[in-house]
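Data first, discussion second: the structure below is written as structure tokens.
Please treat every number below as a calculation from the coordinates, not as lab data. No experiment lies behind these values; they were computed from the predicted model shown. Quick reminder, even Gly has a Cβ in these numbers, built from the backbone with ideal geometry, and neighbours come from all protein chains shown.
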Amino acid sequence: MNEFRSKLRPRTPRQRDLRFPLLEKLFRDFQSDSGGRERMPLPPERPVSIRILEQAPEVADHTRGTIRMRGRVAFSLASRYEGTVPTEAEVRIRYVFLEDDRAGEECSITVTGPAEFAATDDGAETYCGPLDHEPAEFDFLSAPYDPDWSGRLVARAELISHVESSTELDESKK
């Protein structure tokens with residue numbers, strides 16, 4: 001029976017006989033400097049650093065069965081930023097509900113920021129002010145909402161003197 005089975009079973013190839021040319025090429029390209037192709041240039045460093053310092057849901061005080069999101073976001077110039085300091089910046093903080101894993105309807109929020117930053121005409125959550133290497137911290141509190149909804153904090157900063165330089169941070173939380 002063993003002899004019959006060994007005749008039917010194909011011989012197991014030796015490990016050195018197994019070759020995967022496409023996989024070998026991919027690894028070779030990955031490990032080499034250029035992989036035979038021109039490397040894509042790295043994106044420019046973001047001029048503004050955005051950090052979420054706090055973000056946590058809490059039970060809403062005056063409404064039954066709802067929650068709200070409370071948090072703090074810090075904006076500062078990136079460590080390698082070489083332009084004039086301080087420079088004028090526009091920051092925007094939003095909280096949006098997720099619908100099919102995409103940003104949907106906005107939840108109204110209350111934002112409190114540094115005194116140097118003034119609200120713009122674009123909306124209640126957009127502020128303009130001087131930004132330097134020291135963090136400018138903004139506190140936010142969302143309106144109460146049903147805990148079955150998931151939300152996402154969207155924080156964005158743009159240097160006004162360099163309109164093409166924009167930074168955005170998108171953080172998913174419930």
Between residue 3 and residue 139, what is 0.36 nm times their sequence separation minus the Cα-Cα distance? Round to one decimal in nm. 41.2 nm
Charges on Cβ only, +1 for Lys and Arg, -1 for Asp and Glu, centred on the Cα centroid of region 47-154; of 110, 126, 55, which one is farthest towards the dipole's positive end? 55
Relative contact order of region 48-173 (C-alpha contacts under 8 Å, at least 6 apart) in percent is 32 percent
Here region 48-173 gives, from Cα atoms, an Rg and Dmax in Å of 15.1, 50
When the dipole is taken about the Cα centre of region 48-173, and only Lys, Arg (+1) and Asp, Glu (-1) are charged at their Cβ, what size is it in debye, to the nearest 20? 340 debye
Under the Karplus relation with 6.51, -1.76 and 1.60 and θ = phi - 60°, whole-Hz ³J(HN,Hα) for region 131-147, x at Gly and Pro, equal 10, 9, 6, 7, x, 9, 9, 10, 9, 9, 9, 7, 6, x, 8, 5, x
